[in-house]
Amino acid sequence: MRQLIKVGLTGGIATGKSTTLDYWQRAGAVGVDTDALAHQALTPRTPTWDKVVRIFGPKILNKDETVNRPKLGKIVFADEKQRESLNRIIHPVVEKMWIERIEKLERKGTARIAVVAIPLLYEVAAETKFDCVVVVGCSEPTQLARLTQKGLSKSQAQARIRAQWPLPTKMDRADFVIWNDGLLEVLHQQAETIWANIKETYHAPSKN
């Protein structure tokens, strides 16, 4: 059974984590997106959904009972205590989900590298669960521009940035850093270099 290399992928909001994960999946990694797992955890009528609705009220729901994430976001990013309440519900459930996926991959023994994208990886002290951690960063003006292009106001975008650890702190603790402040092809070049470095450092076998 081949050993699975476990890579933690994190960074600031709107820095390019999903783009990097997509690139590495095309290169052969098994990707786990914890944002997608959080969506799954909030499926209507699940225990997690029920807890969130009890705390934040039915006002956060769409007509089909799915959670309206923009509405919930406005609440939790305007109030640190509310955000902490949400995190205490969501984070343990999502962590259990991605750990189970990794364990399943390890039992199967067919995957070489798994990349788990966790926006708050350092904040929840998950770095020890990985062989290495990659941080994707960019300048704050670039973060603000990307977030406002998605429809957030400048103050809403700043609140989301401030809700995470400062990017320099994350980059200082990382094994590898991707700086995504420009062209997509530059991100891809860095991702390719780090991908090769991870395979060489952690001895991933080549494809036949």
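The values are calculated or read from the model by the stated rules, or taken from the named source; none is laboratory data. None of these values were measured; they are calculated from a predicted model. Glycine also receives a Cβ, built like all others from the backbone with ideal geometry; neighbour counts cover every protein chain displayed. Keep in mind that these areas ignore ligands, DNA and RNA; they rest on the heavy atoms of the full protein, side chains included. Shrake-Rupley method; radii C 1.70, N 1.55, O 1.52, S 1.80 Å.
Descriptive notes on the structure:
- Accessible-area ranking of Ser153, Ser18, Ser85, largest first, probe 1.4 Å: Ser18, Ser153, Ser85
- Where only DSSP H runs of four or more residues are counted, the chain gives -16500 deg cm²/dmol as its mean residue ellipticity at 222 nm, each run worth -39500 (n - 2.57).
- Computed label-point distance, nm, for sites Ile99 and Leu120 using a 7 Å Cα→Cβ extension: 1.7 nm
- Legend: distances between Cα atoms for Lys59/Lys150; Lys71/Lys150; Lys17/Lys51; pairs beyond 19 Å are Lys59/Lys150; Lys17/Lys51.
- In the context of the full set of protein chains, residues of the chain present 54 Å² of accessible surface per residue (probe radius 1.4 Å, heavy atoms only).
- Per-residue SASA entry for Asp64, accessible area with 1.4 Å probe, Å² rounded to 10: 100 Å²
- According to the Cα-based calculation, Rg over Rh for region 145-208 is 1.12, with Rh computed by the Kirkwood formula.
- The relative contact order of region 39-122 comes to 22 percent, based on Cα pairs under 8 Å that sit 6 or more residues apart.
- P(r) tail fraction, region 1-119 - alpha-carbon pairs more than 17 Å apart, %: 61 percent
- Among the trypsin sites (Lys or Arg not before Pro) within region 40-112, those in coil by DSSP and having at most 16 neighbouring Cβ atoms inside 10 Å are Arg45, Lys63.
- Note on region 95-180: semi-axes of the ellipsoid equivalent to its C-alpha gyration tensor, largest first and rounded to whole Å, are 29, 14, 12.
- The spacing between region 120-160 and region 7-53, judged by their C-alpha centroids, is 13 Å.
- Relative contact order computed over the chain (Cα-Cα under 8 Å; 6+ residues apart), in percent: 37 percent
- Dimensions (Å) - the chain, Cα atoms, principal axes, largest first: 53, 40, 27
- Whole-number percent relative contact order across region 89-208, with pairs defined as alpha carbons under 8 Å at least 6 apart: 28 percent
- Carbon plus sulfur fraction of accessible area for region 16-147, probe 1.4 Å, in percent: 52 percent
- Residues in region 57-98 that a label on Ser155 would reach, taking backbone N under 12 Å of a point 7 Å out along Cα→Cβ: 78
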